[in-house]
Amino acid sequence: MRVKRILQSKDEQEKNAPVDLSLMDHLLEKYKNKKGNLIPILQGTQNIYGYLPHTAFAKISEVTGLKLNEMYGVATFYTQFRLNPVGKNIVKVCHGTACHVQNASAISEAIEDTLGIKDGETTPDGLFTLESVACLGCCSLAPVMMIGDNTFGKLTGSSAVKILKEIKIKESN
Amino acid sequence: MKKTKVLIGLASCGIAAGAMKVYDKLKALQDAEKLDIVLKRTGCIGMCFREPLVEVIDDSGSYLYGDVNEEKAVEIFDKHLKQNEPVKDYIVKCDLFKTKDDIFWDGQIKIALRNCGVIDPENIDEYEEMGGYQAIKKILGEKISSEEVIQTVLDSGIRGRGGGGFPTGLKWRFAHNNKADTKYIICNADEGDPGAFMDRSLLEGDPHAVIEGLIIGAYAIGAKEGVIYCRAEYPLAIKRLNIALDQARKKGYLGKNILGAKDFNFDLYVKEGAGAFVCGEETALMASIEGERGMPRKRPPFPAESGLWAKPTNINNVETFANIPYIITNGAASYSKHGTEKSKGTKVFALTGKISHGGLVEVPMGISIRDIIFKLGGGIIGGKKFKAVQLGGPSGGCIPEYLADTIVDYDSVTATGAIMGSGGMVVMDETTCMVDMARFFLDFTCKESCGKCTFCRVGTKRMLEILTRITKGEGKEGDIQKLEELAYQIKETSLCGLGQTAPNPVLTTIKYFRHEYEAHIIDKKCPAKSCKQLLTYSVDPEKCTGCTVCAKNCPSNAIDGERKKVHFIRQDACIKCGACFTKCKFDAIIVS
Ligand SMILES: Cc1cc2nc3c(=O)[nH]c(=O)nc-3n(C[C@H](O)[C@H](O)[C@H](O)COP(=O)(O)O)c2cc1C
Ligand code: FES
């Protein structure tokens, strides 16, 4: 079982960078009275903010009547949901069986070295978040990583780093 | 003369290999030269090891080009498409002559994958041209009763392709016989087994086949509403499913009074998963659709009695549904003629790992594992020695080389201690450490355990700790017995398939590779030279040129030596990171 912790400093964080909750109105309107709406609402919220802001939970609860404890229960259960802000590019390195056999750990290590962050962390410039995932479904191209909607296959440590550097150059222009 | 057709394999794997660039290049060339050809996308052709793939079909036949990049695309365009001279060097399959890759296709029978890599998955007309939606038209047109449909499915002998292998016809009959005002039908597209991509390829390559299978299932059991539960990691599959659903609705295959039938109403929607392996388990999946934590519950009651929203529900796997239209159109015998006595038909496998021809194959049940790996799969990469194959992912087990003549059918595979599973086949060679493999799977199941059953939650963690210790060279005598003890306890006391099968990778590796465990624990050696902590690095004095690269890159300053003189690694300071080994240009670092 994975354990996700809710950061205590959360309120502080969001005070500094306030979250525009009105962006959720449309989403909440759409799902308000549907049964089984909890997961789609959280997914929609994450699509808007990139993560699930602390204040968004309260607003969802207010509008839909869903209980906070149920929402946190679901948000901490599924790997998809993030409780912390993420970088602009989410680098998902596959650690599925096929990629593991083809030495996926070398890819993660090379990226960790280059970006100076560990699995689950975000670079200080907010450009990259590193995540390891299980199987992206391109196993025959193992080892594989995914950045945004783009999948890269047959990687080596250095080719993975090269892809990151190219993104960095693009972003700084 | 028919227009020349050019098909480009644009499934996720093709796109990852660069097929989109090839497509764009060919499109630009076609536009620039105003060449009168049909350029279109298709799904996974199966030959993932030759991706990107481009197929040219002209009057003389079909030519499949492999490993295409932008330059090769230009050449194919100039020579083949403009001057009608196929570029033989790049062809990996052709009707007119043999190629060295033909071995990949010999022995394959495509039923579930019948349209994958043939049609444009985003175009319903192409599916219809290939005989699509004929099965549901036949049922409604000839007024075939739901009992008869179920009997046909039963006669075909098809068993669930999601791993359990339960006869599909029987499952449908249970759901049919339970009377209720509302019933549901669900397609399980959660495909959580890491190392498997059959369902993704099907959804991306032929979504209508799965949808038609669901419509037939709904008719058979009397469901009005259906759900396709697809994992969020498959964005392209979700996109293509939604396109297909819209098209099917417009053509009257979904919605009210389907194809004019008075009392047949059925509609479907796609539900995105949120990343939890356990949600592949049917009761957890339903809890997830209901918006809760995906935790399995006790069965009985089975879903056929009380499933989604406590209504009778039928759930099947993607591949199971994809076979159904074929069975209805061509009759039960056309399917049951393939396979063995108790496992009928064909099965799709995803070949991955240390195999030369990684890709997607569909073979009749009864073929031996050896034939799949060494004939279709082309053997092991780099001619290394084949060690074992993992079937059934984290719930399955490793089958060693000496049992490779085992045939693929549910009972034979189960007899080895592995399971047939959903079709992932991960091939391992002599450089794969079996203890590390077991550790890898336990790490996976430990993280994915939902936490409901104590032994599954805590027991897998204890097993993982022991395995991690062993791979670090800190194994103790009695560890193997302790692992076995825990394994049986977890199997006995877990509610769902996750816990009941989680110890399988450990048990099968202990059964077949006990000596590797012992080498780790007693001799502190990793025979596959894969567990870093158990390796010793030393310098080969013959090969060392004294270039100092290793010493500069050593993070713990464990390497001494002067420029142009043989270097030396101090074992007490070495942290076994392997940096010297990867950096040395002269192969002078010996690993033992
Ligand atoms: C932990 C666990 C994970 C599972 N994952 C999947 C899956 O990813 N896809 C699937 O089709 N079935 C999966 N199953 C099997 C389903 O529970 C169910 O048996 C299956 O969807 C039934 O379809 P079938 O009869 O067509 O095989 C899983 C079972 C367990 C216990
Ligand atoms: S194991 Fe990495 S893509 Fe499947």
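The values are calculated or read from the model by the stated rules, or taken from the named source; none is laboratory data. This structure is a prediction, so every number in the text was calculated from the model and none was measured. Cβ atoms come from the backbone with ideal geometry, glycine included; neighbour counts cover every protein chain shown. With ligands, DNA and RNA removed, areas are computed over all heavy atoms of the protein, side chains included. Shrake-Rupley method; radii C 1.70, N 1.55, O 1.52, S 1.80 Å.
Working only within region A:73-112, note down all residues that are free of Cβ contacts under 8 Å to residues at least 24 places away in the same chain and either in a loop (DSSP other than H, G, I, E, B) or more than 10 Å from ligand 2 (Cβ to nearest atom) (or both).
Answer for region A:73-112, where residues must be free of Cβ contacts under 8 Å to residues at least 24 places away in the same chain and either in a loop (DSSP other than H, G, I, E, B) or more than 10 Å from ligand 2 (Cβ to nearest atom) (or both): A:G73, A:F77, A:S105, A:E112.
Are there any helices (runs of 4 or more DSSP H) wholly within region B:124-177 with 2 or more residues that are of a type in the set (D, E), modelled with pLDDT of 95 or more and open to solvent by less than 70 Å² (accessible area, probe 1.4 Å), and if so which?
Ranges flagged: B:124-129.
If the Cβ limit is 6 Å and pairs must be 6+ apart or interchain, which residue in region B:192-206 that is on the phi < 0 side of the Ramachandran plot and among the basic types (K, R) pairs with which residue that is assigned to a loop (DSSP other than H, G, I, E, B) and buried (at least 24 other Cβ atoms within 10 Å of the Cβ)?
Once the first residue is on the phi < 0 side of the Ramachandran plot and among the basic types (K, R) and sits in region B:192-206, its partners that are assigned to a loop (DSSP other than H, G, I, E, B) and buried (at least 24 other Cβ atoms within 10 Å of the Cβ) give B:R200/A:G137; B:R200/B:Y234.
Scan B:V363, B:V426 and give me the residue that is at pLDDT 95 or above and either of a type in the set (A, V, I, L, M) or surrounded by fewer than 18 Cβ atoms within 10 Å (Cβ to Cβ) (or both).
B:V363
All but one of (1) within 12 Å of chain B (Cβ to nearest Cβ); (2) more than 23 Å from A:L21 (Cα to Cα) hold for A:V93, so report the exception by its number.
Of (1) within 12 Å of chain B (Cβ to nearest Cβ); (2) more than 23 Å from A:L21 (Cα to Cα), only one is false for A:V93: (1).
Okay, residues lined up against (1) closer than 25 Å to B:Q500 by Cβ; (2) of a type in the set (G, A, S):
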position: B:I381; (1), (2): no, no
position: B:K385; (1), (2): no, no
position: B:G392; (1), (2): yes, yes
position: B:L403; (1), (2): yes, no
position: B:Y410; (1), (2): yes, no
position: B:T414; (1), (2): yes, no
position: B:G417; (1), (2): yes, yes
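What are the residues in region A:21-43 that are open to solvent by 10 Å² or more (accessible area, probe 1.4 Å) and closer than 22 Å to A:G120 by Cα, if any?
Within region A:21-43, just A:Q43 meets the criteria.
Go over the candidates B:I324, B:I328, B:I399 one by one and state the one that is of a type in the set (V, I, T) and under 27 Å from B:D436 (Cβ atoms).
Exactly one residue qualifies, and that residue is B:I399.
Just need a number here: residues in region B:271-285 that are in contact with a Phe, Trp or Tyr (Cβ under 8 Å, 6 or more places away or on another chain) and either hydrophobic (A, V, I, L, M, F, W, C) or in the same structural domain as B:C496 (by TED's automatic domain parsing) (or both).
5
Step by step: first the residues of region B:250-268, then only those that are open to solvent by 10 Å² or more (accessible area, probe 1.4 Å) and in contact with a Gly (Cβ under 8 Å, 6 or more places away or on another chain), then the one that is farthest from the other protein chains (Cβ to nearest Cβ). Which residue is that?
B:G260
Conditions (1) within 16 Å of ligand 1 (Cβ to nearest atom); (2) in the same structural domain as A:P53 (by TED's automatic domain parsing); (3) among the charged types (D, E, K, R), marked per residue:
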| position | (1), (2), (3) |
| --- | --- |
| A:N84 | no, no, no |
| A:H95 | no, no, no |
| A:S105 | no, no, no |
| A:D113 | no, no, yes |
| A:L127 | no, no, no |
| A:A134 | yes, no, no |
| A:C139 | yes, no, no |
| A:G148 | no, no, no |
| A:T156 | no, no, no |
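Inspect region B:239-248 for any residue being more than 15 Å from ligand 1 (Cβ to nearest atom), within 11 Å of chain A (Cβ to nearest Cβ) and either surrounded by fewer than 22 Cβ atoms within 10 Å (Cβ to Cβ) or more than 24 Å from A:A134 (Cβ to Cβ) (or both) and give the result as yes or no.
Checking region B:239-248: at least one residue is more than 15 Å from ligand 1 (Cβ to nearest atom), within 11 Å of chain A (Cβ to nearest Cβ) and either surrounded by fewer than 22 Cβ atoms within 10 Å (Cβ to Cβ) or more than 24 Å from A:A134 (Cβ to Cβ) (or both).
Evaluate the following for B:E204: is it within 14 Å of chain A (Cβ to nearest Cβ), in a helix (DSSP H, G or I), in contact with a helix residue (DSSP H, G or I) (Cβ under 9 Å, 6 or more places away or on another chain) and open to solvent by less than 10 Å² (accessible area, probe 1.4 Å)?
Yes: the conditions hold for B:E204.
Just checking: which of the strands (runs of 3 or more DSSP E) contained wholly in region B:281-400 hold 1 or more residues that are farther than 26 Å from A:V144 by Cα and within 16 Å of ligand 1 (Cβ to nearest atom)?
B:313-317, B:346-353
Are there any helices (runs of 4 or more DSSP H) wholly within region B:475-592 with 2 or more residues that are more than 24 Å from B:P394 (Cα to Cα), and if so which?
So the answer is B:549-553, B:579-583.
Return yes or no: is B:G424 out of contact with any Lys or Arg (no Cβ under 8 Å at 6 or more places or on another chain) and under 30 Å from B:G377 (Cα atoms)?
Criteria met by B:G424.
Can you tell me which residue in region B:432-463 is surrounded by the most Cβ atoms within 10 Å (Cβ to Cβ), limited to those that are within 12 Å of another protein chain (Cβ to nearest Cβ) and in contact with an Asp or Glu (Cβ under 8 Å, 6 or more places away or on another chain)?
Restricting to residues being within 12 Å of another protein chain (Cβ to nearest Cβ) and in contact with an Asp or Glu (Cβ under 8 Å, 6 or more places away or on another chain), the top hit is B:M434.
Matching residues to (1) away from chain A (no Cβ under 14 Å); (2) more than 25 Å from B:I327 (Cα to Cα); (3) among the acidic types (D, E):
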position: B:K342; (1), (2), (3): yes, no, no
position: B:T346; (1), (2), (3): yes, no, no
position: B:F349; (1), (2), (3): no, no, no
position: B:G353; (1), (2), (3): no, yes, no
position: B:S356; (1), (2), (3): no, yes, no
position: B:G377; (1), (2), (3): no, yes, no
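Across region A:105-154, which residue is surrounded by the most Cβ atoms within 10 Å (Cβ to Cβ) among those that are more than 10 Å from chain B (Cβ to nearest Cβ) and under 19 Å from B:G192 (Cα atoms)?
A:P143
Are any residues in region B:242-267 outside any loop (DSSP other than H, G, I, E, B) and in contact with a helix residue (DSSP H, G or I) (Cβ under 6 Å, 6 or more places away or on another chain), and if so, which ones?
B:A244, B:Q247, B:A248, B:G255, B:L259, B:F266
Among the basic types (K, R), under 16 Å from B:M198 (Cβ atoms) and away from ligand 2 (no atom under 16 Å from the Cβ), is that true of B:K347?
When the stated conditions are applied, B:K347 passes them.
Taking region A:14-64 on its own, how many of its residues are closer than 13 Å to A:L83 by Cβ and in a helix (DSSP H, G or I)?
9
Among the residues of region B:518-527, is there at least one that is within 14 Å of chain A (Cβ to nearest Cβ), modelled with pLDDT under 95 and either over 30 Å from B:L202 (Cα atoms) or open to solvent by 30 Å² or more (accessible area, probe 1.4 Å) (or both)?
no
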